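K.L.:
Okay, here's the structure, questions in a sec.
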Amino acid sequence: MNRAKTFSQSVEYITLENALSMLQYSDIVNAFSSMAEKPWAGKVLKRVTTGRYTLIDVQRDIDDFFIEKIVELVEETKNEEARNCLNSMISLSELVNVVVVLHNLSVGRKPATIFPTPLARKIPLVSPEEFDIHAFRRNVDKVFTGLVDRFIKNKKLSMREIALALHKPVEKIDKVSNYRVWRLIGIYHDAIAVRLCRMFPDLLKEPLYPLIMDDKIFREACNSDLIELSKISSGYRRIVLELFDALTDSLTILKGVEAFDLATVLTTMSLSKTLVGGEVEEKVKRLVHLMGSSVILKLIVLSFYTNTYRVELQRLLSKWLK
């Protein structure tokens, strides 16, 4: 990859220096104005300087920018192995979005999305009564149509379909071909599985196959109190302990599965530092940084919007983005 292209891509991300600089300001406008060279800054500034806006408006603008870049990344990737790896991580992220949308509908809440994925920008934030479930089905990847069909039929989520959808994205990821990439996708898969099990304890009754965690720690992660889980400091693989360490830090600013989502992103961003060569590793690393940048920017915006946890966020980012 030539230097100009590498620079243009790096401008898309948020670095530790960017984040700490932004958090020195007292409001969103000045913080994003200080990042004028970043294309995502212009998108947010247009929103916050041209009329009334909500926190959700700004966060969706951030997601939209990074979703567009993620789609471009996949479309430009011709290497089959690299493309399989990208689609694997995107599909796991998409599964969380699909499940959260359907769960919210089942309990009478507006649909919501967690991760920046192609599906996320197609989901209208309307009341459950206004939500078009059949249009939603047409937009989801074919991997998830069975899950949506079962929901339409039974008005509730099928744990068997969720389990099947968890297995599919990692079927083509080869441990031997590239261990570093397999390890990163593996911990992402396991963290997503834990996140879903924490939402739906009955999911543990289905056959689940963690890639990195052994079965004992996987079940502990699904069932233990998050604060207690975050205190685990020995006895497991280093990468699993890193996830729990990230959870400890995430719990200083977020609660519940939101803290686990942040810990998952921080862990994959940290682990991406081991991806140092070849097209497959370069593409996966770029995807991780695009996804992570979206999550971090939305946290920064939330900090400004609520005027909370500024110091805690600075401390967390200084540790995980260094």
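The values are calculated or read from the model by the stated rules, or taken from the named source; none is laboratory data. Quick caveat, the model's predicted, so the values are computed rather than measured. Reconstructed Cβ throughout: ideal geometry from the backbone, glycine too, with neighbour counts over all protein chains shown. Heavy atoms of the whole protein, side chains included, go into the accessibility calculation; ligands, DNA and RNA do not. Shrake-Rupley method; radii C 1.70, N 1.55, O 1.52, S 1.80 Å.
K.L.:
Taking a Cβ-Cβ separation under 4.7 Å as the criterion for a possible partner, which cysteines of the chain have none?
P.N.:
Flagged as lacking a Cys partner: C85.
K.L.:
Could you work out how far the C-alpha centroid of region 223-264 sits from that of region 276-313, in angstrom?
P.N.:
Spelled out, the Cα-based centre of one part sits 18 Å from the other.
K.L.:
So what is the calculated 222 nm ellipticity per residue for the chain, using -39500 (n - 2.57) for each DSSP H run with n of 4 or more, over all residues, to the nearest 500 deg cm²/dmol?
P.N.:
Taking each H run of at least 4 residues, the total per residue is -21000 deg cm²/dmol.
K.L.:
Give me the accessible area of M199, 1.4 Å probe, in Å² rounded to the nearest 10.
P.N.:
Using a 1.4 Å probe on the heavy atoms, I get roughly 50 Å².
K.L.:
Round to the nearest 0.05 the FRET efficiency obtained for S318 and E258 when R0 = 30 Å and r is the Cβ-Cβ distance.
P.N.:
0.90
K.L.:
Take the Cα radius of gyration of region 131-283 and divide it by 2.2 N^0.38 Å, with N its residue count; two decimals is plenty.
P.N.:
My calculation over the Cα atoms of region 131-283 gives 1.11.
K.L.:
Excluding ligands and nucleic acids, what accessible area in Å² is computed for H167 using a 1.4 Å probe, to the nearest 10?
P.N.:
For H167, the solvent-accessible surface is approximately 40 Å².
K.L.:
Carbon and sulfur: what percent of the chain's accessible surface (1.4 Å probe)?
P.N.:
51 percent
K.L.:
Rounded, prolate or oblate: which one fits region 1-143, using the alpha carbon gyration tensor with axes a ≥ b ≥ c (rounded when a/c is under 1.5, else prolate when a/b beats b/c, else oblate)?
P.N.:
Oblate, because a/c is 1.5 or more while a/b does not exceed b/c.
K.L.:
Where the centroid of each part is defined by its Cα atoms, how far is region 172-217 from region 11-50 in Å?
P.N.:
Here the answer is 35 Å between Cα centres.
K.L.:
Calculated from the structure, Rg/Rh (Cα atoms, Kirkwood Rh) equals which of [x] 1.05; [y] 1.09; [z] 0.94?
P.N.:
Recomputing Rg/Rh (Cα atoms, Kirkwood Rh) here gives the entry labelled [z].
K.L.:
Any idea how far apart V126 and K153 come out in nm if each label point goes 7 Å out from Cα toward Cβ?
P.N.:
Going by the 7 Å Cα→Cβ label model, 2.6 nm.
K.L.:
I've got another one for you. How far is it, in nm, from the label point at R160 to the one at E37 when both lie 7 Å from their Cα along the line to the Cβ?
P.N.:
Computed distance between label sites R160 and E37 equals 5.6 nm.
K.L.:
Let me ask another. So, taking all protein chains as they sit and a 1.4 Å probe, how much accessible area belongs to E68, in Å² rounded to tens?
P.N.:
Accessible area of E68: about 90 Å².
K.L.:
Using label points projected 7 Å from each Cα along Cα→Cβ, tell me how many nm separate R237 and N79, to one decimal.
P.N.:
Result for the modelled spin labels: 2.3 nm.
K.L.:
Determine the relative contact order of region 16-321: mean sequence separation of Cα pairs under 8 Å and six or more apart, normalised by residue count, in whole percent.
P.N.:
21 percent
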